[in-house]
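A.B. asks: Sharing a structure with you now.
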Amino acid sequence: MSTPLCVLLVDDSQFFLELERHFLRNTQAMILAATCAAEALSLARSHQPSLVYMDIDMPGVDGLAVCREFKADAALKSIPLVLIGDQKNPGHAEAARQSKADAYLAKPLDRRLFLDTGHSFLVSVDRREPRHKYDIEVDYICRGRQLKGRCIDLSSGGLFLACSPTARSGEMLHVELTLPDARQTRVKLEARVAWVNDAEELIKPDFPYGLGIEFVNIAETAGIALRRCFVT
């Protein structure tokens with residue numbers, strides 16, 4: 001009997017485990033979760049996951065040591081293992097490389113990078129996300145200017161901002177809006193312009209002029225509030 005496709009998440013923080021589960025919600029795979037080294041190794045040996053995301057900073061045996069154990073074990077070494085560190089710790093990326101991790105990501109987690117990295121090892125990792133049509137006023141800062149636009153299409157990872165496009169693809173924005181959740185939560189988010197709809201190129205002809213933006217460095221409270229908007 002074939003082993004079910006599964007992804008193993010390892011982190012001692014329940015918030016990050018839930019955030020990563022949310023990122024993977026469209027992926028057709030069993031999601032396993034471990035909060036310590038012993039649990040991670042036990043689940044990996046019993047389930048042989050197709051992909052592992054593992055935090056570096058865990059109490060006791062850290063993710064670097066667990067990664068080295070994975071790569072020294074003939075039964076586990078071929079499993080792609082992505083180590084997750086902290087962008088405030090410049091040594092994490094090199095330590096992950098020394099531990100023979102297959103890839104490295106830094107917290108705060110960027111949804112697009114998280115899924116793109118997983119997809120590069122496991123094509124079943126689905127990068128799509130559900131979107132809702134809303135009409136919400138948005139305050140945003142672009143190149144130091146305080147501007148306004150309207151969100152007409154929202155997901156947990158980004159939104160379409162109907163506006164007179166003044167930013168280019170790749171530019172960073174500071175965005176503030178009131179979410180359409182039961183609590184009407186006001187959130188401030190960092191965002192990256194992913195694409196531009198304007199007179200030169202209408203990437204999405206059914207949308208007005210504006211910006212397709214992706215959220216980056218999502219704070220815990222904002223991440224929880226965003227997920228509440230998409231609970232079915």
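A.B. asks: What about VAL66, is it within 18 Å of the chain's Cα centre (by Cα) and surrounded by 17 or more Cβ atoms within 10 Å (Cβ to Cβ)?
C.D. replies: No.
A.B. asks: If you go through segment 141-163 one residue at a time, do you hit one that is over 20 Å from ARG21 (Cβ atoms) and of a type in the set (Ser, Thr, Tyr)?
C.D. replies: Within segment 141-163 (the criterion being over 20 Å from ARG21 (Cβ atoms) and of a type in the set (Ser, Thr, Tyr)), the answer is no, since none of the residues qualifies.
A.B. asks: Follow-up question, since we're still on this one. Which residue is least open to solvent (accessible area, probe 1.4 Å), if the candidates are limited to segment 2-32 and must be among the hydroxyl-bearing types (Ser, Thr, Tyr) and out of contact with any Ser or Thr (no Cβ under 8 Å at 6 or more places or on another chain)?
C.D. replies: Among residues in segment 2-32 that are among the hydroxyl-bearing types (Ser, Thr, Tyr) and out of contact with any Ser or Thr (no Cβ under 8 Å at 6 or more places or on another chain), the one least open to solvent (accessible area, probe 1.4 Å) is SER13.
A.B. asks: Sticking with this one: So for segment 144-155 (the condition being touching a helix residue (DSSP H, G or I) at 6+ places or on another chain (Cβ under 9 Å), modelled with pLDDT under 90, surrounded by 15 or more Cβ atoms within 10 Å (Cβ to Cβ) and part of a loop (DSSP other than H, G, I, E, B)), does at least one residue qualify?
C.D. replies: Scanning segment 144-155, I find no residue that is touching a helix residue (DSSP H, G or I) at 6+ places or on another chain (Cβ under 9 Å), modelled with pLDDT under 90, surrounded by 15 or more Cβ atoms within 10 Å (Cβ to Cβ) and part of a loop (DSSP other than H, G, I, E, B), so the answer is no.
A.B. asks: Mind listing whichever residues of segment 4-17 are of a type outside the set (A, V, I, L, M) and without any contact (Cβ under 8 Å) to a residue 24 or more places away in the chain?
C.D. replies: GLN14
A.B. asks: Sticking with this one: Kindly indicate whether any position in segment 36-52 is modelled with pLDDT of 95 or more, surrounded by 14 or more Cβ atoms within 10 Å (Cβ to Cβ), touching a Ser or Thr at 6+ places or on another chain (Cβ under 8 Å) and aliphatic (A, V, I, L, M).
C.D. replies: no
A.B. asks: Here is a further query. Residues of segment 174-218 being free of Cβ contacts under 8 Å to residues at least 40 places away in the same chain, of a type in the set (Asp, Glu) and part of a loop (DSSP other than H, G, I, E, B), which ones?
C.D. replies: ASP198, GLU200, GLU201, ASP206 - these are the residues of segment 174-218 that are free of Cβ contacts under 8 Å to residues at least 40 places away in the same chain, of a type in the set (Asp, Glu) and part of a loop (DSSP other than H, G, I, E, B).
A.B. asks: Can I ask one more? When segment 62-108 is examined, which residues are found to be hydrophobic (A, V, I, L, M, F, W, C), free of Cβ contacts under 8 Å to residues at least 40 places away in the same chain, within 15 Å of ALA40 (Cβ to Cβ) and not in a loop (DSSP other than H, G, I, E, B)?
C.D. replies: Across segment 62-108, the qualifying residues are LEU64, ALA65, CYS67, PHE70, ALA72, LEU81, VAL82, LEU83.
A.B. asks: Here is a list: TYR209, TYR104. Which entry is of a type outside the set (Val, Ile, Thr), touching a strand residue (DSSP E or B) at 6+ places or on another chain (Cβ under 8 Å), surrounded by fewer than 19 Cβ atoms within 10 Å (Cβ to Cβ) and closer than 30 Å to PRO80 by Cβ?
C.D. replies: TYR104
The values are calculated or read from the model by the stated rules, or taken from the named source; none is laboratory data. Because the structure is predicted, anything quoted here is derived from the model rather than measured. No Cβ is skipped: glycine too gets one built from the backbone with ideal geometry, and neighbour counts run over all protein chains shown. Surface areas here come from the heavy atoms of the whole protein model, side chains and all, with no ligands, DNA or RNA. Shrake-Rupley method; radii C 1.70, N 1.55, O 1.52, S 1.80 Å.
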